[in-house]
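Data first, discussion second: the structure below is written as structure tokens.
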Amino acid sequence: GKVADSVKSYTAMRKISKGRDKNGIVRMRLNNKDLFQFGPLDQGWWPDGLYTAPSYEAMVYDVDKTLDWGYNMI
């Protein structure tokens with residue numbers, strides 16, 4: 001009668017597809033809306049961790065700044 005293991009989680013569904021815009025150009029779509037991928041080449045170089053963020057907070061800061069600057073991908 002004891003709980004041996006427990007997991008709490010969530011899930012999300014997204015639809016990735018392709019379709020033609022009003023000019024007939026094939027575009028990538030996310031949830032049936034055209035999506036222009038806009039992002040920097042971010043190799044994540046850190047002086048004290050090389051290619052790995054030195055902490056969880058540093059990694060979150062990197063992602064938050066990318067969003068602040070208007071990018072939608074890394």
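The values are calculated or read from the model by the stated rules, or taken from the named source; none is laboratory data. On a predicted model such as this, the values are computed, not experimentally measured, just so you know. Virtual Cβ from ideal backbone geometry, glycine too; neighbours counted across all protein chains shown. Protein only, heavy atoms only, side chains kept; ligands, DNA and RNA dropped before computing areas. Shrake-Rupley method; radii C 1.70, N 1.55, O 1.52, S 1.80 Å.
Could you identify the single residue in LYS22, LYS18 that is loosely packed, with under 10 Cβ neighbours inside 10 Å and touching a strand residue (DSSP E or B) at 6+ places or on another chain (Cβ under 8 Å)?
Testing whether each residue is loosely packed, with under 10 Cβ neighbours inside 10 Å and touching a strand residue (DSSP E or B) at 6+ places or on another chain (Cβ under 8 Å) leaves just LYS18.
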- Message: Restricting to segment 19-37, give me the number of residues that are charged (D, E, K, R) and more than 22 Å from ILE74 (Cβ to Cβ).
- Response: 3
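Could you count how many residues in segment 1-16 are assigned to a strand (DSSP E or B) and more than 18 Å from the chain's Cα centre (by Cα)? Spell out how you get there, then give the answer.
In the first step, residues of segment 1-16 are kept if they are assigned to a strand (DSSP E or B); the result is 16.
In the following step, the residues that additionally are more than 18 Å from the chain's Cα centre (by Cα) were identified as none.
Final tally of qualifying residues: 0.
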- Item | Residue list for segment 33-74, filter: under 20 Å from LYS15 (Cβ atoms), open to solvent by less than 100 Å² (accessible area, probe 1.4 Å) and either without any contact (Cβ under 8 Å) to a residue 24 or more places away in the chain or not in a loop (DSSP other than H, G, I, E, B) (or both) | ASP34
